[in-house]
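Report on the structure given below.
Every number in this text was worked out from the coordinates using simple rules, so none of it is lab data. Computed from a predicted model, the values in this text were never measured in an experiment. With ideal geometry, Cβ positions are generated from the backbone for all residues, glycine too; neighbour counts draw on all protein chains shown.
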There are 2 protein chains.
Amino acid sequence: MSSPQIKYYWEDLQPGVIRELGQITPTAEDIKDFAGKFDPQPFHLDEDAARHSIFGGLCASGWHTCSMAMRLMVDNFLSQAASQGSPGLETVKWLKPVFPGDTLKLHHSIMESRPLASRPDVGLVRTAWDMFNQHGDKVLHMEGYGMFRRRHPATLTSD
Amino acid sequence: MSSPQIKYYWEDLQPGVIRELGQITPTAEDIKDFAGKFDPQPFHLDEDAARHSIFGGLCASGWHTCSMAMRLMVDNFLSQAASQGSPGLETVKWLKPVFPGDTLKLHHSIMESRPLASRPDVGLVRTAWDMFNQHGDKVLHMEGYGMFRRRHPATLTSD
């Protein structure tokens, strides 16, 4: 079942390790392009309107910030993992605005790990995602779930 | 403080009302375009790879589904509301895959409403977002918070 390009199976994802998953720097154009498609509020589209908003300047849609975190997650982790998708998240916190030219770093950690009773070949992990800007301020915190194939499927029991 | 284009202040957002916030139909190109930028996993980018995946066919990134819900939210609600942004969400559930040509409808409801002690001109609401496909299957459920300006700011007290 194992594949040479896959580095991380469920058994390899143990609680306590923090992975640094690279960095990304959105431009004003990136911010406006995302907002034009998905979140056309004035403070994500127009510098003048943004200057007079609660944010004080053009800033990224929260969904853009989440999506940038996902890009780092895929490039630097999921592409090497036996990922089976995610049922969802239990926390998303947009803690600070993200401005053009901010350099965002993603930290990812495993909080809990357990087998899936319904699927002996898959395990579940609960993870935390934390994104920081170049000033060291946390801009995004998320906690969610990921499913990963097991290197060694469980033996079926009556449970 | 009120503005003619604003229909919804905090006082207007009472628990119990379900709003239908329009619909959106992503194409295969939309799905691949989003995934190419933010979630380049094979089942979001390539029909053949997707056919052999757990999803059985090309499907949208979960972040794309959230972002499409946000677009409906902005066009059909937030653009007419005295919105002051969101501190975050407490639940995101990706319940079913979203395939090209699916027509997605968004329902939005207010679950709770309360004044913000720290800002007498702003109130907080807890909201549920539910997105359904053309078969009536729920594909996305989210619960989160929104801040809205008040029509009538609270009188400051020693609290």
To the nearest 0.05, the calculated FRET efficiency linking B:THR27 and A:HIS141 through their beta-carbon distance, R0 being 30 Å, is 0.35
Kirkwood estimate for segment B:17-149, i.e. one over the average of 1/r between Cα atoms, Å
15.7
Given backbone amide H placed at 1.01 Å from N, residues whose amide H is under 5 Å from that of B:ASP46, ignoring those fewer than 5 places away on the same chain, are none
Would you grab the residues whose amide H sits under 5 Å from the one on B:ARG151? Only those 5+ places off in sequence or on another chain, please, with H modelled 1.01 Å from N.
B:TRP10, B:GLU11
Members of A:LYS37/A:LYS105; A:LYS37/B:LYS37; A:LYS37/A:LYS93; A:LYS32/B:LYS37 lying beyond 19 Å, as alpha-carbon distances in this model show:
A:LYS37/A:LYS105; A:LYS37/A:LYS93
Ratio for the protein assembly as shown, C-alpha Rg to 2.2 N^0.38 Å, reads 1.04
Measure out, as a whole number of angstrom, how far apart the alpha-carbon centroids of segment A:5-37 and segment A:115-149 sit.
11
Straight-distance crosslink candidates among aspartates and glutamates, where the alpha carbon sits under 16 Å from B:LYS96 and sequence neighbours closer than 8 are dropped:
B:ASP130, B:ASP137
Work out, step by step, the length gained on full extension between A:ASP121 and A:THR91: first 0.36 nm times the residue separation, then minus their alpha carbon distance; give nm to one decimal.
8.1 nm
Compute the long axis of helix B:28-38 from its Cα atoms, compare it with the longest principal axis of the Cα atoms of chain B, and write down the angle in degrees, 0 to 90, nearest 10.
70
Run the Debye formula on the Cα coordinates of segment A:82-148, all scatterers equal and no solvent, and tell me log10 I(q)/I(0) at q = 0.13, 0.22, 0.23, 0.25 1/Å.
-0.44, -0.88, -0.93, -1.02
Just to be sure I follow: if Rg is taken over the C-alpha atoms of segment B:17-94 and Rh is the Kirkwood radius over the same atoms, what is Rg/Rh?
1.06
With +1 at each Lys and Arg Cβ and -1 at each Asp and Glu Cβ, the charge dipole magnitude of segment A:17-149 around its Cα centre, to the nearest 20 debye, comes out at 480
Along the positive direction of the dipole of chain A (beta-carbon charges: Lys, Arg +1; Asp, Glu -1; about the Cα centre), which of A:THR127, A:GLY62, A:TRP94 reaches farthest?
A:THR127
What list of ³J(HN,Hα) values in whole Hz, one per residue of segment B:57-72 in order, does the Karplus curve 6.51 cos²θ - 1.76 cosθ + 1.60 (θ = phi - 60°) give from phi, with Gly and Pro shown as x?
x, 3, 9, 6, 3, x, 6, 5, 4, 4, 5, 5, 4, 5, 4, 5
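Might you report the magnitude of the Cβ-based charge dipole of the protein assembly as shown about its Cα centre, with Lys and Arg at +1 and Asp and Glu at -1, to the nearest 20 debye?
Once rounded to the nearest 20, the dipole reads 480 debye.
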In whole percent, what relative contact order does segment B:72-159 give with Cα contacts below 8 Å and a gap of six or more residues?
36
Put +1 on the Cβ of every Lys and Arg and -1 on every Asp and Glu Cβ in chain A; which of A:ALA49, A:ALA28, A:GLY136 then has its Cα farthest towards the positive end of the dipole?
A:GLY136
Nonlocal amide H pairs with B:GLY88, under 5 Å, H built at 1.01 Å
A:TRP94, B:TYR145
